[in-house]
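Asker: Got a structure here, written out as structure tokens. Questions coming.
The values are calculated or read from the model by the stated rules, or taken from the named source; none is laboratory data. Because the structure is a prediction, the values reported are computed rather than measured. Cβ sites come from the backbone with ideal geometry, for glycine too, and all protein chains shown count toward neighbours. What goes into the accessible areas is simple: the full protein's heavy atoms, side chains included, and nothing from ligands, DNA or RNA. Shrake-Rupley method; radii C 1.70, N 1.55, O 1.52, S 1.80 Å.
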Amino acid sequence: MYSDAKNSYERVLKINSKHPNALNNMLALAQRVTIDSNYSYSNVVYNTLLKYEPQKTDYLYSMAINMTELNRIDTAKIILEDIITNTPSYYKAYYKLGEIYGKHLNDITNSEKYLKEAYKLNPEDPSVLENLGIVYGIKGDYSLSLDFFNKALTYSPEDSRIFSNIAGTYYKMNQIDKAKEYLSKAEEARKTVK
């Protein structure tokens with residue numbers, strides 16, 4: 001089904017490489033396939049899109065995310081490093097590398113380095129802020145960890161994960177009452193989302 005749609009859109013693009021409907025439909029197909037967790041085929045579609053729109057950094061970024069989902073971390077890193085080389089202002093690449101180094105490679109030093117770069121480029125992204133809070137919590141700098149978590153709450157005030165992370169930080173600081181308070185807030189936020 002997906003390959004028939006891709007092939008159909010590609011036939012149109014071979015005739016008119018800038019056909020907006022074909023490009024939009026191909027992008028929608030890549031996103032749909034990703035939602036269905038078919039990351040490998042999603043990358044096939046993104047590769048096809050890159051033939052017609054090679055300047056679209058978002059396509060490469062989506063491919064890197066797919067590679068992460070496929071546990072092809074080295075390939076994801078290469079794609080993200082290429083993005084940074086070619087588009088140094090693309091903060092999402094720094095963010096994702098920071099996440100990869102912290103979550104998949106247990107390299108807190110590089111995680112912090114890339115997350116700080118993402119933060120310089122976009123100091124209002126709650127995911128960047130939250131991940132910096134996690135990094136500083138792991139490093140034992142609980143005060144800085146809380147600062148970043150609280151900044152993240154400014155931009156994402158209903159995110160239960162952030163409340164849970166704050167609770168964990170207070171627990172590590174042996175402030176059990178504050179930890180319980182934020183666990184309660186995390187539970188309330190989860191209920192709000194449902």
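Asker: Specify which of the listed residues (Lys77, Lys92, Lys51, Lys113) is surrounded by fewer than 15 Cβ atoms within 10 Å (Cβ to Cβ) and of a type in the set (Lys, Arg).
Answerer: Going through Lys77, Lys92, Lys51, Lys113 in turn, the sole match is Lys51.
Asker: For the stretch 11-128, give me every one of the helices (runs of 4 or more DSSP H) that falls completely inside it and has 3 or more residues that are modelled with pLDDT under 95.
Answerer: 20-35, 39-52
Asker: For residues that are of a type in the set (A, V, I, L, M, F, W, C) and either open to solvent by 40 Å² or more (accessible area, probe 1.4 Å) or closer than 24 Å to Thr75 by Cβ (or both), tally how many sit in the stretch 116-134.
Answerer: Summing the residues that are of a type in the set (A, V, I, L, M, F, W, C) and either open to solvent by 40 Å² or more (accessible area, probe 1.4 Å) or closer than 24 Å to Thr75 by Cβ (or both) in the stretch 116-134 gives 4.
Asker: Oh, and also: Scan Leu50, Leu70, Leu105 and give me the residue that is free of Cβ contacts under 8 Å to residues at least 12 places away in the same chain and not basic (Lys, Arg).
Answerer: Unique residue meeting the criteria: Leu50.
Asker: For the stretch 143-158, which positions are modelled with pLDDT of 95 or more and among the charged types (D, E, K, R)?
Answerer: Asp147, Lys151, listed by residue number.
Asker: With the condition kept exactly as written, say whether any residue in the stretch 138-151 is more than 22 Å from Asp125 (Cβ to Cβ), open to solvent by 30 Å² or more (accessible area, probe 1.4 Å) and among the aliphatic types (A, V, I, L, M).
Answerer: No - not one qualifying residue is present in the stretch 138-151.
Asker: Here is a follow-up. Just wondering, is there one or more residues in the stretch 3-15 that are open to solvent by 50 Å² or more (accessible area, probe 1.4 Å), within 24 Å of the chain's Cα centre (by Cα) and not hydroxyl-bearing (Ser, Thr, Tyr)?
Answerer: No; the residues of the stretch 3-15 include none that is open to solvent by 50 Å² or more (accessible area, probe 1.4 Å), within 24 Å of the chain's Cα centre (by Cα) and not hydroxyl-bearing (Ser, Thr, Tyr).
Asker: Among the residues of the stretch 130-148 satisfying the criterion of being assigned to a helix (DSSP H, G or I) and charged (D, E, K, R), which is farthest from Gly98 (Cα to Cα)?
Answerer: Among those residues, the one meeting the criterion is Asp147.
Asker: Further, regarding this structure: As an exercise: evaluate Ala30 against (1) under 14 Å from the mean Cα position of the chain (by Cα); (2) crowded, with 22+ Cβ neighbours inside 10 Å and give the number of the one condition it does not meet.
Answerer: (1)
Asker: Cβ contacts < 6 Å: first residue part of a helix (DSSP H, G or I) and polar (S, T, N, Q), restricted to the stretch 168-194; second residue modelled with pLDDT under 95 and open to solvent by 80 Å² or more (accessible area, probe 1.4 Å), any location; separation 6+ or different chain. Result?
Answerer: Here the result reads Thr192/Glu158, each pair linking the stretch 168-194 to a residue that is modelled with pLDDT under 95 and open to solvent by 80 Å² or more (accessible area, probe 1.4 Å).
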